[in-house]
Amino acid sequence: MKALFKDNISFLLPYFIYIVLGSFLLALNTKIDLHLTFNSFHAPFWDSFFAYFTYLGDGVMALLTVIILLTIKYRYALIAGVANLVSAAITQALKLFIYSDSLRPKKFFEGVHDIYLVPGVENHLYNSFPSGHTTCAFALYFSLSLFVKKPVLKSLFFIVALLAGYSRIYLSQHFFEDVYAGSLIGLSTTIVVYYFVRKNEQKWMEGSLVSSFKS
């Protein structure tokens, strides 16, 4: 674990800071106050930006990334693919069976507060906790940070994951607590999958689709 943190400090250190600050936000504020505060900051540019940026945290992006990783190294594709599948399964189980009554912001504030909704975005109403997009984003981009050596790329992957999570709040698809929990599920699942794959590594995992076609 120490080696993992040391090699990926550019991703994990800012994430640790995010987790600590996020815990204080959740402890000192209700989810209502937090969302209304976040919702008060909006502008046409950011409406368009986050409406598209949020797709960087969906399953299609994860699938495309895994396909690309197959051409680089099977081990990379295996870690990213399994991490996303397992974390998605955990998130969906929580959404559907444990927190099935959790309302999304649009439905939660209906008739109580007039929150700002980004024009053209279809807002969902139910199964708010936890955020699936955020789970996917942190599983995917933390996986990618494990495969690169340059700290600047690891930091970039963290920023992308964080913004993908924030986009869910900005678009009023989720509350902060949904995003916070989603990030924990995505990252922790990836760590477990990473260690499992590395412990049971096989020779074929070092190959790729490209090397297979060449041989």
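For the range 65-83, the criterion of being in a loop (DSSP other than H, G, I, E, B) and farther than 21 Å from Glu201 by Cβ is met by none of the residues. Taken as a whole, the range 118-135 holds at least one residue that is buried (at least 22 other Cβ atoms within 10 Å of the Cβ), without any contact (Cβ under 8 Å) to a residue 60 or more places away in the chain and farther than 22 Å from Ala80 by Cβ. Annotation note: of Ile79, Ile67, Ile32, Ile115, the sole residue that is modelled with pLDDT of 95 or more, of a type in the set (A, V, I, L, M) and surrounded by 19 or more Cβ atoms within 10 Å (Cβ to Cβ) is Ile79.
For the range 41-67, a residue qualifies if it is free of Cβ contacts under 8 Å to residues at least 24 places away in the same chain and either under 17 Å from Leu85 (Cβ atoms) or among the hydroxyl-bearing types (Ser, Thr, Tyr) (or both), and the qualifying residues are Ser48, Tyr52, Tyr55, Val60, Leu63, Leu64, Val66, Ile67. Might you let me know whether the range 92-109 holds any residue that is surrounded by fewer than 14 Cβ atoms within 10 Å (Cβ to Cβ), aliphatic (A, V, I, L, M), under 22 Å from Leu12 (Cα atoms) and without any contact (Cβ under 8 Å) to a residue 12 or more places away in the chain? Within the range 92-109 (the criterion being surrounded by fewer than 14 Cβ atoms within 10 Å (Cβ to Cβ), aliphatic (A, V, I, L, M), under 22 Å from Leu12 (Cα atoms) and without any contact (Cβ under 8 Å) to a residue 12 or more places away in the chain), the answer is no, since none of the residues qualifies. Does Tyr55 satisfy being of a type in the set (Ser, Thr, Tyr), loosely packed, with under 15 Cβ neighbours inside 10 Å, modelled with pLDDT of 95 or more and not in a loop (DSSP other than H, G, I, E, B)? Here the answer is yes, as Tyr55 does meet what is asked. When every residue of the range 174-196 is checked against the conditions, none turns out to be within 18 Å of the chain's Cα centre (by Cα) and at positive phi. When you scan the range 123-133, do you find a residue that is in a loop (DSSP other than H, G, I, E, B), at pLDDT below 95 and at positive phi, even just one? Looking for residues that are in a loop (DSSP other than H, G, I, E, B), at pLDDT below 95 and at positive phi, one finds none in the range 123-133, hence no.
Looking only at residues of the range 145-188 that are closer than 23 Å to Phe53 by Cα and of a type in the set (S, T, N, Q), we find that the one that is surrounded by the fewest Cβ atoms within 10 Å (Cβ to Cβ) is Ser155.
The values are calculated or read from the model by the stated rules, or taken from the named source; none is laboratory data. Since this is a predicted model, take the numbers as computed values, not measurements. Using ideal geometry, Cβ is built from the backbone for each residue, glycine included, and neighbour counts are taken over all protein chains shown.
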